[in-house]
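Student: Supplied in structure tokens, the structure appears directly below.
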Amino acid sequence: MRTELLRFNGAVERDPAIEAWMKEHAGELGAIAHQWFEAMQRCGDEVRELLHDGCPVACLGDAPFGYVNVFTSHVNVGFFHGAALPDPGRLLQGNGRFMRHVKLKPGTPANAAALSTLIDAAYTDIKKRVEHG
């Protein structure tokens with residue numbers, strides 16, 4: 001069963017609202033969010049971004065694949081099609097129909113290699129979804 005691909009209007013190469021969001025979320029949690037959002041931005045030349053529901057979202061064109069959000073004591077690095085991603089590092093949390101996230105806390109070492117692999121997989125996944133409709 002094929003599902004309709006989620007699309008967001010207004011994604012741009014660099015959104016000033018995201019720069020402002022990053023400045024508002026300075027400090028330890030903001031640094032974690034910034035690090036992983038930059039990893040999403042580096043996935044490819046076609047990556048676009050926008051602020052959606054109050055958090056930075058990375059898109060392939062207008063199709064979102066990842067986001068970051070800062071909470072009181074942790075950062076979520078989320079994936080719009082996370083339920084479909086391979087997760088050998090067992091980092092993904094959540095039980096929604098599509099979305100999953102990785103929860104990162106200051107002072108707790110992140111499995112950077114596994115998270116980088118998830119980000120790359122999310123980008124590859126959205127690219128296939130966009131190209132094959």
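No value in this document is a laboratory result; all are computed from the given coordinates. Just so it is clear, the structure is predicted and the values come from calculations on it, not from any experiment. Here Cβ is always computed from backbone atoms with ideal geometry, including for glycine, and neighbour counts include all displayed protein chains.
Student: Within the chain, how many Lys pairs sit with Cα atoms under 29 Å apart, leaving out pairs fewer than 8 places apart on the same chain? Mind showing how you got there, number by number?
Tutor: Numbers: Lys23/Lys103; Lys23/Lys105; Lys103/Lys127; Lys103/Lys128.
Within the chain, the lysine pair count is 4.
Student: While we're here: Note down the relative contact order for the chain as a percent, whole number, built from C-alpha pairs under 8 angstrom at least six residues apart. Show your work: numbers first, answer last.
Tutor: Numbers: 216 pairs, mean separation 30.3, N = 133.
The normalised contact order for the chain reaches 23 percent.
Student: Based on the alpha carbons, how large is the Rg to Rh ratio for the stretch 16-131 when Rh follows Kirkwood? Don't skip to the end; give the middle numbers.
Tutor: Values: Rg = 13.1 Å, Rh = 14.1 Å.
For the stretch 16-131, the value is 0.93.
Student: So for each of 41-49, 7-15 I average, over its residues, the number of other beta carbons within 10 Å; can you give me the resulting order with the highest mean first? Working shown, then result.
Tutor: Details: 41-49: 15.8, 7-15: 12.8.
Highest-to-lowest ranking by the protection proxy: 41-49, 7-15.
Student: Go ahead and estimate [θ] at 222 nm for the chain from helices alone: -39,500 (n - 2.57) per DSSP H run with n ≥ 4, summed, over the residue count, rounded to 500. Mind showing how you got there, number by number?
Tutor: Working: 3 runs with 44 residues, N = 133.
It lands at -11000 deg cm²/dmol.
Student: Rounded to whole Å, give me the distance from the Cα center of the stretch 44-64 to that of the stretch 23-42.
Tutor: Centre-to-centre distance over Cα atoms comes out at 14 Å.
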